[in-house]
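Please read the structure below before turning to the comments.
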Amino acid sequence: MKVARYVGDGKIVIANEPAPACPAGGLLVRTQASGLCSGELMSWYMDRKIPHVLGHEVVGTILESDDARFAVGDRVFPHHHAPCLSCEFCREGLYVHCAQWKRTKLDPGGMADVFAVGNENLSDTVKVNELRPRDGALVEPLACVMKSFRLSAHSGGQERTAVIGLGVMGLIHLIVVGEGAVGYDLNPARIDWARRQGLHAEHPEKAEPASCVYVCPGSQGAFDFAMQLARPGATIVMFAPLAPSQELRLPQDIYFRDIKLVHSYSCGPDDTAMAVQAIKGGRLKAEQVVSHFIGIDELPVAYEDMKAGRILKPMVLFE
């Protein structure tokens with residue numbers, strides 16, 4: 001089968017490798033759609049995972065099942081990390097700190113013709129038979145945004161909300177928040193894309209004060225801009241990390257202005273469930289955030305184009 005493997009130095013290759021077997025108590029899945037995550041573009045993050053098959057924004061149909069809850073032919077979204085649901089962290093809803101969550105993964109990854117889902121991963125595997133494959137592949141990124149939205153304690157209504165960065169994750173934030181949200185980006189093409197989706201997008205020069213600010217790029221500059229936007233009592237949500245060589249500098253003013261700083265990393269089963277329901281309800285469609293639907297052999301070029309900011313997001317369709 002074909003797989004997209006990260007080989008280091010910001011490069012991926014398409015390789016032919018043996019398909020996995022169905023694991024005991026698990027599933028064997030034929031991939032239908034798999035999106036390229038912006039996190040998979042961060043060389044400092046990916047280099048420590050070598051050798052690594054890409055793909056966790058994935059949906060597919062079951063070829064073999066060793067679990068009675070899932071039938072052959074079911075379309076499923078499996079989260080690449082899945083919690084035990086019984087440890088101290090899980091009981092507190094801190095799923096990303098669960099030991100099982102940390103050790104679980106898809107075999108070899110979702111950017112492959114076929115992948116295996118281990119028994120432990122089934123705690124966050126959901127049937128999505130009603131969804132188009134391209135929409136089902138958005139469950140994981142939307143679930144991450146649902147967690148971000150939840151942690152911000154966003155009240156909605158007339159609250160002024162800002163989203164910094166209009167890459168795909170910023171766009172999803174803007175779509176989820178809806179009315180009253182403004183997205184900011186330096187890239188005119190991204191601003192234009194957002195506006196064509198009916199979203200309010202502006203250049204940072206036109207920024208207005210906000211009560212909640214979602215920071216999607218992992219950079220000091222993006223955080224500093226959030227501080228400029230934040231009104232007294234505001235919440236700033238850091239959605240992405242800075243590189244390990246960088247430390248986030250917090251101004252003393254964050255204390256005197258009563259600004260709350262929240263970090264949002266990945267997601268858990270509760271967020272997955274909310275994402276599935278939102279997509280079923282038509283709240284997000286692939287065409288709103290995916291600029292290029294491609295075959296797997298086109299992915300190496302698309303990977304470089306997305307990393308360079310020349311395209312918004314590619315998604316590989318396997319059927």
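The values are calculated or read from the model by the stated rules, or taken from the named source; none is laboratory data. In this text, all values refer to a predicted model and were calculated from it rather than measured experimentally. Ideal geometry is used to build each Cβ from the backbone, glycine not excepted, and the neighbour counts take in all protein chains shown. To get the accessible areas, we keep the full protein, side chains included, count just its heavy atoms, and leave off ligands, DNA and RNA. Shrake-Rupley method; radii C 1.70, N 1.55, O 1.52, S 1.80 Å.
General remarks:
- From 270, 258, 224, residue being at pLDDT 95 or above, open to solvent by 20 Å² or more (accessible area, probe 1.4 Å), among the charged types (D, E, K, R) and touching a Pro at 6+ places or on another chain (Cβ under 8 Å): 258
- Segment 205-221 residues that are under 15 Å from residue 254 (Cα atoms), paired with ones that are surrounded by 13 or more Cβ atoms within 10 Å (Cβ to Cβ) and aromatic (Phe, Trp, Tyr) (beta carbon under 9 Å, 6 or more apart): 213/225
- Single match in 166, 138 (criterion: at pLDDT 95 or above, buried (at least 21 other Cβ atoms within 10 Å of the Cβ), closer than 30 Å to residue 69 by Cα and within 14 Å of the chain's Cα centre (by Cα)): 138
- Every residue from segment 294-309 that is over 17 Å from the mean Cα position of the chain (by Cα) and open to solvent by 40 Å² or more (accessible area, probe 1.4 Å): 297, 298, 301, 304, 308
- Subset of segment 40-81 (residues that are modelled with pLDDT of 95 or more, polar (S, T, N, Q) and under 18 Å from the mean Cα position of the chain (by Cα)): none
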